[in-house]
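Structure, as structure tokens:
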């Protein structure tokens with residue numbers, strides 16, 4: 001069940017909210033937690049019972065290891081518990097997500113044939129694995145201990161973030177789950193949540209899913225894309241990915257707020273960044289935090305001199321590439337970001353002399369070019385788009401009709417050009433001229449203008465609901 | 001001195017109530033507009049109004065609301081059938097419910113609706129062989145919510161994307177242009193439901209187009225990786241699925257026909273290594289149709305017109321003259337085949353193909 005469906009928005013969510021707040025009158029908070037846990041399990045189980053079984057198995061193991069870590073007396077015992085816990089979690093992730101990738105690349109080295117194996121990929125495995133790794137590392141570092149099994153189960157299964165994050169730390173959720181002041185319906189928090197939910201819906205349904213048409217057609221185009229169409233495809237994907245994932249994150253944060261929980265911000269206007277380093281601090285921020293906790297700091301962080309810091313940065317980005325997907329395009333994408341961030345680290349004093357606007361433009365262009373690698377199914381596919389960016393032999397405007405084609409209605413070239421460029425212009429304005437939705441929600445002005453704007457976005461999103469699609473980051 | 005207007009801030013409770021009330025009101029008004037204008041003719045047939053020529057969305061409305069006793073079901077091979085001619089020649093009152101590249105599942109949606117409505121006593125069914133040779137059917141391009149009785153999913157029509165972002169604005173725009181006297185090309189909109197889905201007026205026919213296309217696509221023509229048995233099994237499965245749809249009391253007569261592809265189509269089938277499978281499936285169709293009491297089969301694949309490439313816009317799509325010819329044949333019984341013809345069923349087609357090859361071998365082989 002995804003957020004942007006009739007079933008979720010008009011049945012599952014209202015019923016869950018009603019049930020949850022109806023139970024807020026019960027003296028014992030356990031009933032309310034149990035209800036929310038049950039709702040979350042229904043949400044996950046709707047995708048398939050196996051998803052549920054996998055999550056519970058992986059979560060139970062992590063919980064047991066976290067308990068062991070908390071009770072271990074000696075450093076050796078604690079280290080053993082940590083290493084075992086991490087190996088199990090990473091092993092499960094590696095098996096589900098990377099088995100075929102490694103087998104395909106390693107078996108031929110030993111003269112063996114590779115046959116792809118159909119392996120079940122549990123919903124949100126990349127997200128809950130990191131959540132559990134953070135838990136183990138933080139318990140090992142004695143930052144906190146795990147609490148009751150019910151609180152832990154709710155932390156693990158809480159449906160707003162279960163399929164695609166944000167990656168939330170135990171300390172953030174456990175305190176809120178057990179905070180009695182959050183049990184009652186809070187109109188202010190609910191209003192902020194509703195605002196984020198509607199803005200997220202509009203980002204996803206109106207913008208991302210429309211841009212997806214151009215992107216899918218562009219990457220599937222068998223001929224040689226000319227420069228205008230290739231640039232349109234590249235920019236469309238840049239905006240699509242942002243609206244898709246930040247839209248999802250807004251919805252996740254909004255839904256959680258409606259239930260009374262504050263989740264950490266996941267996007268902070270990343271395309272306005274003046275360097276790739278800053279971009280990664282503002283894009284999928286909770287993944288950045290998880291990678292810092294689980295990879296960067298254990299490797300030594302920035303405490304062992306510049307060369308080691310640079311190596312650690314590089315390794316973190318390589319892991320980030322692999323986290324996003326099991327293919328060489330993702331690895332290369334991560335490695336290039338690693339190299340760029342190392343370069344920025346070394347030459348920051350020099351780079352800072354360049355006017356900020358130029359740095360923002362340069363960063364935006366770099367990010368654009370690298371998203372092509374991220375989206376392309378193969379390196380050849382990426383090369384095809386890159387080649388098109390510089391193919392100025394003719395305008396090839398008729399290619400815009402191909403980009404805008406969605407299987408039902410074909411547009412004549414002038415309308416197709418207007419449609420594609422219009423969507424890109426709207427996206428550009430939304431990204432660069434509007435205030436960040438998260439920040440806006442924190443200081444929401446409840447006037448008629450906001451009301452009309454929100455109703456407009458909701459109605460527009462509702463109209464787009466009949467067009468089905470899934471979230472990109474669900475695949476990661 | 002300029003006095004700055006102070007923003008009126010609402011309480012959260014008032015804001016939430018206003019949001020839900022206003023959203024509901026807007027959606028309700030939108031629904032009423034669609035219900036009244038009914039761009040897909042889903043609730044009623046209009047008296048005299050331009051209807052946008054998008055059969056994917058219009059067909060369910062036609063099936064529900066039009067008056068008819070016969071239906072033409074199939075792919076683009078059926079889209080140029082002349083309804084008045086069919087009325088005149090065959091004594092039936094048909095509607096056309098065709099969809100370009102109609103898949104088996106697409107046909108199932110349409111036929112289920114026809115059965116439910118119970119108006120069509122005679123059905124004309126095109127068995128398009130390339131469509132039968134496909135696996136992994138889906139209904140992605142069908143507005144499935146228009147085919148059922150579920151009132152709840154009517155919301156996808158009343159407040160849906162295709163309605164509000166595409167068809168309604170275009171349809172309303174056409175109506176305005178029409179009202180001021182601008183003639184909307186029939187390809188985009190029509191007042192006559194008989195002409196929904198027609199494309200023959202905009203098509204360019206001619207041997208030169210086909211030869212040029214044949215030469216251009218020669219490099220991409222590759223042998224199939226499937227064995228003859230695999231292709232036959234796949235096609236037979238789809239043929240069975242289609243024929244079973246019409247095996248019911250609702251349809252008194254089911255006229256199944258094999259459409260007349262150009263002889264270049266058979267040349268390509270031969271080059272891809274699928275000829276044997278296609279010939280085998282043709283025979284299978286004849287024997288399968290013979291088993292149903294309410295069905296008869298017309299075979300147009302060997303008619304002389306298939307060798308005259310000026311009748312075609314591409315390998316498979318023929319001119320309206322050929323559709324008219326088929327209607328005459330339905331009336332006269334010409335091209336009707338029986339189970340007794342089974343042993344020699346492919347002979348005429350093979351003979352036509354070989355003659356065509358002999359006469360055109362020069363450019364066929366050079367490509």
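Listed values, structure above:
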item	result
Pairs where the first residue, in segment A:439-452, is in contact (Cβ under 8 Å) with a residue 24 or more places away in the chain and the second is surrounded by 11 or more Cβ atoms within 10 Å (Cβ to Cβ), C-beta under 6 Å, 6+ apart	A:441/A:192; A:441/A:195; A:441/A:196; A:444/A:192; A:444/A:195; A:446/B:9; A:446/B:10; A:446/B:15
All positions within segment B:134-167 that are in contact (Cβ under 8 Å) with a residue 12 or more places away in the chain, more than 8 Å from every other protein chain (Cβ to nearest Cβ) and more than 22 Å from residue B:63 (Cα to Cα)	B:134, B:135, B:137
Criterion: within 14 Å of another protein chain (Cβ to nearest Cβ) and either surrounded by fewer than 23 Cβ atoms within 10 Å (Cβ to Cβ) or in contact (Cβ under 8 Å) with a residue 60 or more places away in the chain (or both) - qualifying residue of A:130, A:120, A:158, A:185	A:185
Residue list for segment A:462-476, restricted to those being in a helix (DSSP H, G or I) and either modelled with pLDDT under 90 or more than 9 Å from chain B (Cβ to nearest Cβ) (or both)	A:472, A:473, A:474, A:475
Residues (over 21 Å from the mean Cα position of the chain (by Cα) and either under 22 Å from residue A:85 (Cβ atoms) or at pLDDT 95 or above (or both)) located in segment A:47-62	A:53, A:56, A:57, A:60, A:61, A:62
Any hit, segment B:123-133, residues being farther than 30 Å from residue B:229 by Cα, touching a strand residue (DSSP E or B) at 6+ places or on another chain (Cβ under 9 Å) and either crowded, with 19+ Cβ neighbours inside 10 Å or away from every other protein chain (no Cβ under 14 Å) (or both)	yes
Flag for residue B:71 being crowded, with 22+ Cβ neighbours inside 10 Å and within 28 Å of residue B:36 (Cα to Cα)	yes
Among the residues listed as A:417, A:459, A:445, the single one being facing chain B (nearest Cβ under 9 Å), in a helix (DSSP H, G or I) and either modelled with pLDDT of 90 or more or out of contact with any strand residue (DSSP E or B) (no Cβ under 6 Å at 6 or more places or on another chain) (or both)	A:459
Residue under evaluation residue A:164, criteria (1) in a helix (DSSP H, G or I); (2) closer than 30 Å to residue A:56 by Cα; (3) away from chain B (no Cβ under 14 Å), criterion not met	(1)
Residue within segment B:232-246 that is surrounded by 15 or more Cβ atoms within 10 Å (Cβ to Cβ), within 25 Å of the chain's Cα centre (by Cα) and not in a helix (DSSP H, G or I) present	yes
Pick from segment B:148-170, criterion buried (at least 20 other Cβ atoms within 10 Å of the Cβ) and not in a helix (DSSP H, G or I), ranking: nearest to the chain's Cα centre (by Cα)	B:160
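The values are calculated or read from the model by the stated rules, or taken from the named source; none is laboratory data. The structure displayed is predicted, hence computed values, not measured ones. Cβ: placed from backbone, ideal geometry, glycine included. Neighbour counts: every protein chain shown.
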